[in-house]
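Down below is the structure, laid out as structure tokens.
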Amino acid sequence: MRLLTLFLTLNLAHAATHSDYYNREEIPLPKGEVMEISSIALMPEKQIAVATRRGDVWICSGAYDDDLSKVSWKKLTAGLHEPLGMFYKDGWLFLSQRPEFSRIKDSSGNGIADTFETINADWGINGDYHEYAFGSTPDKNGDVWIALCLTGSASARSDWRGWCVRITPDGKMIPTCSGIRSPGGIGFNAQGDAFYTDNQGLWNGSSSLKWLKPGSFQGNPTGNKYHKLADLPAPPQPADPSRILAERLKDPRFIPPAVIFPHGKVGQSPTGIACDQSGGKFGPWEKQLYVGEQTHSQVQRVCLEMVNGIYQGAVFHFLEGFEAGLIPIRFDDEAGIIFAGGSNRGWGSRGKKPFTFERVRWTGKTPFEILTMTANHDGFTLNFTEPVDPTSAGNPASYSMEAWTYILQHTYGSPEVDQATPKITSATISPDNKSVQLKIEGLVRGHVHHLESIGVRSAKGEPLLHQDAYYTLNEIPN
């Protein structure tokens, strides 16, 4: 018994954690200031602009340095209206504020903004706390995408609430997608397609990452009526109750969530989106998405693929332990650093601080993880970050799978329904031992497929750092 206890103690002492691979560090904030960070913008000369929910904009110097004790701050301006999206371009900071898309500038060079311009204010607000406006960086055409939250997250008492709009470089607003409920962030994948995160609630069985395909309907009909303002076709009106697959088969404008984040299992409130195009400066996750999480104070990792013209893919746990609920995340491709900010006001989180500004850097050591999970007509292919042990990874008993979907309904959220238990019949190892093809009986179109890989070991005998993958199978490949 004593030998067994010693063996277990030694194994636990050497058990890997995510901190072995990624260093999370708090960036000191200005003393005495309430810094509920809502936006982050990268600027020249390694300066960073942060905006707060209370409407301040600060410029941070030293956030890239090894010694963070030398970080300095200067307030650029105050009195803005909850900016939830910001970027720097040509000497200006562009901000998506609650009532408008605007830009500000320090024209005199004294470190204080003195030029303020409204670019577009064609959507409505009425004072409701929940009428957020989450804005992107420019797309390849220079357009900025803005996701407009519903009034109170359940009604649409102001123009264009529940829609995503684009603001062109000349300031024109283009209504682009309907069916939004309560966004938490917006961004682009490596191909330049726009995505946003929507939160569990009315017509959203669970939180998810959704593809903003122009002209699409995202599932919540509350704001449908505003199509009349621009003489657009009426969006779909889904049945209540129903299923997403059933409704999108009725109308191809209904675009299903690309990746569903099962409630409580993969966070509860997804937020900012960042795409890794660093060429390996943050690990092997090139072209994957990082998604912030407010309630669980985490960053998740998403790998996407397109099947039959629809995005789908898997979400994995990635980074954790942040000091507050994350709202914006910004990834610097050149430096290979994630910058994350957050606030707990209005919602609790695992992180106990009321606000935070943090960075994450890669140690250079790669964890043993499922790198990607892709769909086949008869199962899934798993690619790993390092070679696997063929005996464990080639054994179907090392894996298990369950699948389910959600009710599409007007009431809040949904339980997991229509459960299925797909059977893993074989696991074939590639010649380089870095991928496994799982043959599976009983795949279910439209379901989340939860894969557990508890028995898999690397060639070094290590278990996976994260053993769970959640794949949203919108389409089964031919």
Label-point gap, in nm, between His466 and Ile454 - each point 7 angstrom along Cα→Cβ: 2.0 nm
Cβ-derived FRET efficiency at R0 51 Å, Asp378 paired with Ala121, nearest 0.05: 0.45
Debye, to nearest 20: dipole size of region 370-469, +1 on Lys, Arg Cβ, -1 on Asp, Glu Cβ: 160 debye
Coil-residue trypsin sites (Lys or Arg not before Pro) of region 362-445, DSSP, other Cβ within 10 Å capped at 13: Lys365, Arg445
Extension gain (nm, one decimal) between Asn23 and Ala78, 0.36 nm per residue minus Cα-Cα: 16.6 nm
Computed over region 360-430, Cα set: Rg, Dmax in Å: 16.9, 48
Net charge contributed by nearby residues that have their C-beta within less than 12 Å of Ile424 (K/R +1, D/E -1): -2
Antiparallel bridges, percent of DSSP beta bridges restricted to the chain (to nearest 5): 95 percent
Theoretical gain in end-to-end length, Val34 to Asp90 [0.36 nm per residue, Cα-Cα removed]: 17.3 nm
Proximal charge balance of Gly342 [Cβ under 12 Å; K/R count +1, D/E count -1]: 0
Asp231-Tyr412 FRET efficiency (beta carbon distance; Förster radius 35 Å; 0.05 resolution): 0.60
Options Ile174, Ile329, Val34, ranked by Cα towards positive dipole end of the chain, top entry (Cβ charges): Val34
Charge dipole (the chain, unit charges on Cβ, about Cα centre) - positive-most of Ala420, Asn141, Ala154: Ala154
Where labels lie 7 Å past Cα in the beta-carbon direction, separation of Trp347 and Lys46 in nm: 3.3 nm
Size of electric dipole in the chain: Cβ of Lys, Arg +1 and of Asp, Glu -1, about Cα centre, debye, nearest 20: 520 debye
Scattering curve values for the chain, log₁₀ I(q)/I(0), Debye with Cα scatterers, q = 0.07, 0.12 Å⁻¹: -0.37, -1.05
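Every read-out reported here was derived from the displayed coordinates using simple, explicitly stated rules and does not represent laboratory data. Nothing here was measured: the structure is a model prediction, and the numbers come from that model. Here Cβ is always computed from backbone atoms with ideal geometry, including for glycine, and neighbour counts include all displayed protein chains.
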